[in-house]
Amino acid sequence: MEQTFIMIKPDGVQRGLVGEIISRFEKKGFTLKGLKLITVDRPFAEKHYADLSAKPFFNGLVEYIISGPVVAMVWEGKNVVTTGRKIIGATNPAESAPGTIRGDYAIDIGRNVIHGSDAVESGRKEIALWFPEGIAEWRSSLHPWIYE
Ligand code: DAT
Ligand code: MG
């Protein structure tokens, strides 16, 4: 089954949005396969955002991600990468639809509360980076009530 890496950024943790965000993925029917609160250092954050290293906002982005603990998660389910991005909303909260996490809880692009993998392959890479210890092996007993 498809997996994605979801991270609640330091602003989401500080603002007490952890429960609300987890709840949205849970209620949708996705399965939580990995979860930890972790503060990462600069080299780690630079690795996570390596694809953006040439961007003018890269340093500010890295500063933001290392500014406090984040909640790193792995979520699993059919089309979870694409659907997860829809639940999160557009990168710039000014353009995120109401009802999405960024649309409901964020204003500035540099404080947009949450990260989600943009493709299955980048998800695989991000899960390997953030969960080198591996993730839980379990299957929800709700499976037949969520999938036909
Ligand atoms: P996303 O997080 O929606 O996948 P991204 O991968 O393009 O977006 O960028 C990663 C983060 O970098 C994004 O969540 C916020 C920040 N960012 C992106 N574009 C930006 C910009 N033009 N100005 C400031 N920060 C930006
Ligand atoms: Mg991205």
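Within segment 66-80, is there a residue that is out of contact with any His (no Cβ under 6 Å at 6 or more places or on another chain), within 14 Å of ligand 2 (Cβ to nearest atom), modelled with pLDDT of 95 or more and closer than 19 Å to residue 19 by Cα? Scanning segment 66-80, I find no residue that is out of contact with any His (no Cβ under 6 Å at 6 or more places or on another chain), within 14 Å of ligand 2 (Cβ to nearest atom), modelled with pLDDT of 95 or more and closer than 19 Å to residue 19 by Cα, so the answer is no. Given the structure, is residue 82 assigned to a helix (DSSP H, G or I), without any contact (Cβ under 8 Å) to a residue 24 or more places away in the chain and either within 16 Å of ligand 1 (Cβ to nearest atom) or under 12 Å from the mean Cα position of the chain (by Cα) (or both)? Yes.
In the list 19, 29, which residue meets the criterion of being modelled with pLDDT of 95 or more, of a type in the set (Gly, Ala, Ser), within 29 Å of residue 137 (Cβ to Cβ) and within 15 Å of the chain's Cα centre (by Cα)?
Being modelled with pLDDT of 95 or more, of a type in the set (Gly, Ala, Ser), within 29 Å of residue 137 (Cβ to Cβ) and within 15 Å of the chain's Cα centre (by Cα) holds for just one of 19, 29, which is 19.
Just to be sure, is residue 140 more than 11 Å from ligand 1 (Cβ to nearest atom) and assigned to a loop (DSSP other than H, G, I, E, B)? Criteria met by residue 140. The combined condition, being within 16 Å of ligand 2 (Cβ to nearest atom), farther than 16 Å from residue 10 by Cβ, of a type in the set (Gly, Ala, Ser) and not in a helix (DSSP H, G or I), is not fulfilled by residue 94.
The values are calculated or read from the model by the stated rules, or taken from the named source; none is laboratory data. Since the structure is predicted, the reported quantities are computational estimates derived from the model, not experimental observations. Here Cβ is always computed from backbone atoms with ideal geometry, including for glycine, and neighbour counts include all displayed protein chains.
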